[in-house]
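Structure provided below as structure tokens; questions to follow.
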Amino acid sequence: MTSKVLTVAGSDVSGGAGLEADLKMFEEYDAFGTAAVTCIVTFDPNEGFSHVLEFIDPEVVTRQLESTLAVHKFDAIKSGMLGSVENALVLAEKLKTNELPYVFDPVLVCKGAGTMVDLKDLFVDNLVPLATVITPNLEEAATLADLDPIDSIEGMIEAAKIIHSQGAKNVVVKGGARLAGDDAIDIIFDGQTVTTLRSRKVNEKLVNGAGCSFASSIAAGIATGMSIREAVVSAKEKVAHGIANCLDNATGVASLLHPAARTQPSPDVAVSVD
Ligand code: PXL
């Protein structure tokens with residue numbers, strides 16, 4: 001039977017990140033996907049392609065969620081950029097009455113669009129405890145865990161343990177290409193075991209959409225029956241191929257190519273797990 005996945009996220013019209021990325025990743029798992037939009041990112045070419053962020057009215061977010069939850073029985077829900085405190089609260093209320101696997105990408109930091117750290121306390125109080133899997137990047141992990149900036153695997157593990165103690169069942173800290181060295185490193189902490197995933201850094205470019213695509217792949221993997229570990233490994237493979245084959249655009253931040261693992265796999269991309 002076809003699996004169904006919902007993303008609650010912002011729109012990134014450049015196509016690499018946001019709900020556009022999520023829907024494309026869901027397709028890679030042959031899942032049926034739909035999206036409730038929380039905010040819209042556009043770019044001002046006269047200001048060096050700076051981001052402009054427009055929030056969707058919380059009542060409209062509520063209506064989107066009520067509509068789609070009435071129409072479909074989902075196998076997983078993923079959330080991405082929620083933008084406003086009000087929209088994050090709307091989602092938390094809806095999730096409390098649903099037992100679905102929930103993949104929470106706690107977007108507090110976005111390339112170019114700056115930080116939204118005012119959402120931190122609300123995330124910790126309302127959404128972290130509901131997460132089946134939470135996928136912070138290094139900055140988000142440090143913010144959620146109240147730690148200094150993270151620059152090591154030990155720091156990633158420390159943050160993961162704190163975020164797990166806040167109620168998230170599985171914590172995936174996305175080091176990506178940001179730690180020093182040749183490898184892109186992510187870790188999973190399930191409350192007992194730390195698993196470390198490594199792949200070679202595939203290029204030097206700034207790529208938009210890696211975080212979104214990683215989390216939406218995990219959601220689609222879980223929705224289609226994978227274990228959490230299998231889903232995270234599969235997500236890392238898909239994102240690595242997507243980065244290796246990214247598309248340049250006029251903003252200077254390239255767009256991840258979502259189907260690359262299927263259409264033009266890169267020989268250098270292999271994920272090791274220990
Ligand atoms: O990568 C974070 C992110 C999430 N959601 C939207 C975005 C971005 C970054 O560009 O545009 C809509």
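The values are calculated or read from the model by the stated rules, or taken from the named source; none is laboratory data. Only a predicted model underlies this, so the values are computations on that prediction, with no experimental measurement involved. Don't worry about glycine lacking a Cβ; one is built from the backbone with ideal geometry, like all the others, and counts go over all protein chains shown.
Restricting to region 216-244, count the residues that are of a type in the set (Gly, Ala, Ser) and part of a loop (DSSP other than H, G, I, E, B).
Within region 216-244, the subset of a type in the set (Gly, Ala, Ser) is 216-217, 219-221, 223, 225, 227, 231, 234-235, 240, 242, 244.
Going one step further and asking which of them are part of a loop (DSSP other than H, G, I, E, B), we end up with 225, 227.
Residues meeting the conditions: 2.
Here's something else I'd like to know. How many residues does region 1-20 hold that are within 13 Å of the ligand (Cβ to nearest atom), surrounded by 24 or more Cβ atoms within 10 Å (Cβ to Cβ) and under 19 Å from Gln64 (Cα atoms)?
Within region 1-20, residues that are within 13 Å of the ligand (Cβ to nearest atom), surrounded by 24 or more Cβ atoms within 10 Å (Cβ to Cβ) and under 19 Å from Gln64 (Cα atoms) number 7.
Do we have Ala223 as closer than 18 Å to Asp105 by Cβ and away from the ligand (no atom under 16 Å from the Cβ) here? Steps first, please.
Numbers: closer than 18 Å to Asp105 by Cβ: yes; away from the ligand (no atom under 16 Å from the Cβ): yes.
Yes, satisfied.
Only residues that are among the hydrophobic types (A, V, I, L, M, F, W, C), out of contact with any strand residue (DSSP E or B) (no Cβ under 6 Å at 6 or more places or on another chain) and more than 15 Å from the ligand (Cβ to nearest atom): list them for region 195-218, please.
The answer is Val202, and nothing else.
I need the full set of residues from region 245-274 which are in a loop (DSSP other than H, G, I, E, B) and polar (S, T, N, Q), in order please.
Narrowing region 245-274 to residues in a loop (DSSP other than H, G, I, E, B): 245-246, 248-253, 256-259, 264-271, 274.
Within region 245-274, Asn245, Asn249, Thr251, Gln264, Ser266 qualify.
The conditions are (1) closer than 29 Å to Val52 by Cβ; (2) of a type outside the set (D, E, K, R); (3) touching a helix residue (DSSP H, G or I) at 6+ places or on another chain (Cβ under 7 Å), and Leu197 fails exactly one of them. Which is it?
In the conditions (1) closer than 29 Å to Val52 by Cβ; (2) of a type outside the set (D, E, K, R); (3) touching a helix residue (DSSP H, G or I) at 6+ places or on another chain (Cβ under 7 Å), Leu197 misses (1) alone.
Same structure again: Of the residues that sit in region 234-250 and are crowded, with 18+ Cβ neighbours inside 10 Å and in contact with a strand residue (DSSP E or B) (Cβ under 6 Å, 6 or more places away or on another chain), which one is nearest to Phe32 (Cα to Cα)?
Lys236
Give the residue that is surrounded by the fewest Cβ atoms within 10 Å (Cβ to Cβ), with candidates limited to residues of region 184-228 that are at pLDDT 95 or above and acidic (Asp, Glu).
Among those residues, the one meeting the criterion is Asp190.
Between a residue in region 140-151 that is surrounded by 14 or more Cβ atoms within 10 Å (Cβ to Cβ) and any residue that is of a type in the set (Phe, Trp, Tyr), which pairs come within a Cβ distance under 8 Å, given they are 6 or more apart or on different chains?
That search, which allows pairs on different chains as well, returns Leu144/Phe123.
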